[in-house]
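Heads up, the thing below is written out as structure tokens.
The values are calculated or read from the model by the stated rules, or taken from the named source; none is laboratory data. The structure displayed is predicted, hence computed values, not measured ones. Because the Cβ atoms are built from the backbone with ideal geometry, glycine has one as well, and the counts that use them run over all protein chains shown.
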């Protein structure tokens, strides 16, 4: 029933989630990259079209997706053919000495391919954190050449270029509230039929930071409940910082280079493994508190505004009732952050221990919105 409604009202923007699972197991590509391709070739409920589409997507991934261990083989193809299309994550930086932009292709391992400035203006995310793209890489070598022989010819982000909000509101009218909650759960790959009402709300709460500016929350719970999966795979607009040290310059503002850090570039900045967070700068936690309270912070002479939401994800390794008796529910945070003023700035605490550990029956095989459209 939901599948028919989705295919009717969101044609080309839905995908059968078990297809994602089938291909995801073979290719280490983010889900939104896969589903962008599946949405292009498999958006139908006709088995034959789906079969052909799957073959096409597999072929595209096999021929164009660069696996890090095959980088040299692909570089050789680019040299021999003069140019070649690849799917890779592209990050750009400005080389002031040569006065041009240089692209880093993560899997291919090419560090300084010249890239036209027009792409950088069009897709600013290239400068911060990078975007997955379908890129035509060209090769031209001449004696005495200073830069890299690799250059970027054509670049197309594997993300939907524009969003038709009116169409979304119109399509939404065909669904009841309960049905829409199920659609949202299925779009992230979960099967709502096997989840209790309360768990569904927890899964939705994880998604609030994507739509609310400066919304701060934390989820602490046992391992294997899919806490950080959402922030890493579901949206091209969020970044997951895997535990460990970070700096004020990286996160907020780099005073030497006068550029805003991650909070200015992403909708959601999520910290995995909160226990490991530590700032190299003494004032790191203080600036974070300031930002979480007001959406702005002061660095040097400037007050800088940013709208990123902050999410803190961590593991509680003992039963909750024991934890409550011996300490408190925010115990996994590092000592420098255990401060009531910091926790007052959270809008929500998602009880991760109420979300079941992921087992096959919790993953859906039905249709959901492609993650890029959802994002």
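Filtering segment 38-54 down to residues that are assigned to a helix (DSSP H, G or I) and in contact with a strand residue (DSSP E or B) (Cβ under 8 Å, 6 or more places away or on another chain), which residue is surrounded by the most Cβ atoms within 10 Å (Cβ to Cβ)?
We begin by selecting, within segment 38-54, every residue assigned to a helix (DSSP H, G or I); these are 38-41, 47-54.
Narrowing the set further to residues that are in contact with a strand residue (DSSP E or B) (Cβ under 8 Å, 6 or more places away or on another chain) leaves 38-39, 50.
Values: 38: 25, 39: 23, 50: 18.
Checking each candidate, the answer is 38.
Yes or no: segment 24-31 includes at least one residue that is surrounded by fewer than 18 Cβ atoms within 10 Å (Cβ to Cβ), under 19 Å from residue 157 (Cα atoms) and touching a helix residue (DSSP H, G or I) at 6+ places or on another chain (Cβ under 8 Å).
Looking through segment 24-31, at least one residue is surrounded by fewer than 18 Cβ atoms within 10 Å (Cβ to Cβ), under 19 Å from residue 157 (Cα atoms) and touching a helix residue (DSSP H, G or I) at 6+ places or on another chain (Cβ under 8 Å).
Every residue in segment 32-53 that is closer than 26 Å to residue 88 by Cβ and out of contact with any helix residue (DSSP H, G or I) (no Cβ under 6 Å at 6 or more places or on another chain), please.
First, pick out the residues of segment 32-53 that are closer than 26 Å to residue 88 by Cβ: 32-43, 52-53.
Within segment 32-53, 33, 39, 40, 43, 52 meet the criteria.
Among the residues that make up segment 272-285, is at least one of them touching a residue at least 60 places away in the same chain (Cβ under 8 Å), within 21 Å of residue 353 (Cα to Cα) and in contact with a strand residue (DSSP E or B) (Cβ under 9 Å, 6 or more places away or on another chain)? If you could, list the steps in order and put the result at the bottom.
So in segment 272-285, the residues touching a residue at least 60 places away in the same chain (Cβ under 8 Å) come out as 274, 277.
If we keep only those that are within 21 Å of residue 353 (Cα to Cα) as well, we get 274.
From the residues that got through so far, the ones that are in contact with a strand residue (DSSP E or B) (Cβ under 9 Å, 6 or more places away or on another chain) too are 274.
Scanning segment 272-285 turns up at least one residue that is touching a residue at least 60 places away in the same chain (Cβ under 8 Å), within 21 Å of residue 353 (Cα to Cα) and in contact with a strand residue (DSSP E or B) (Cβ under 9 Å, 6 or more places away or on another chain).
List the number of the failed condition for residue 201; all other conditions in (1) in the same structural domain as residue 350 (by TED's automatic domain parsing); (2) closer than 20 Å to residue 15 by Cβ hold.
All conditions pass for residue 201, except number (2).
Go through segment 76-129 and tell me which strands (runs of 3 or more DSSP E), entirely inside it, have 3 or more residues that are crowded, with 17+ Cβ neighbours inside 10 Å and touching a helix residue (DSSP H, G or I) at 6+ places or on another chain (Cβ under 7 Å). Break it down into steps so the answer makes sense when it comes.
Working: elements: 83-95, 100-105, 110-115.
In segment 76-129, the matching strands (runs of 3 or more DSSP E) lie at 83-95.
Within segment 223-274, count every residue that is under 21 Å from residue 93 (Cβ atoms), touching a helix residue (DSSP H, G or I) at 6+ places or on another chain (Cβ under 7 Å) and either assigned by TED's automatic domain parsing to the domain that holds residue 120 or in a strand (DSSP E or B) (or both).
Qualifying residue count for the region: 2.
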